[in-house]
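Computed from the coordinates by the stated procedures, all read-outs in this text should not be read as laboratory data. Everything numeric in this text was worked out from a predicted model, so none of it was measured. Glycine gets a Cβ as well: all are built from the backbone with ideal geometry, and neighbour counts include every protein chain shown.
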Amino acid sequence: TFLFYQWLNDKANLQKQEQNIISGYLNILSRLVMMAKIVYGFCQVERWVM
């Protein structure tokens, strides 16, 4: 039974790590989208000023 509990703990830890990795990727993606929007906004302003 101890080995079974150990196995359950390992599985739970792996799932937590996967969730952390996924949320990390989502954070990076949202930052990239924000940067793209800012750059796009600057381009629009420059075109309007020209």
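Couple of notes before you dig in:
- Lys/Arg +1, Asp/Glu -1 at C-beta; the chain dipole; positive extreme among Gln44, Ile22, Phe4: Gln44
- Potential lengthening of the chain between Glu18 and Trp48 amounts to 6.3 nm, from the contour at 0.36 nm per residue minus the alpha-carbon distance.
- Charged-residue dipole, Cβ positions (Lys, Arg, Asp, Glu), the chain about Cα centre, Debye nearest 20: 120 debye
- For the pair Thr1 and Val33, label points projected 7 Å from Cα toward Cβ lie 4.8 nm apart.
- Structure-derived mean projected area of the Cα convex hull in nm² - corresponding label in (i) 2.6; (ii) 3.6; (iii) 4.4: (i)
- Mean residue ellipticity, 222 nm, helices only, the chain: the sum of -39500 (n - 2.57) across DSSP H runs of n ≥ 4, divided by residue count and rounded to 500, is -36000 deg cm²/dmol.
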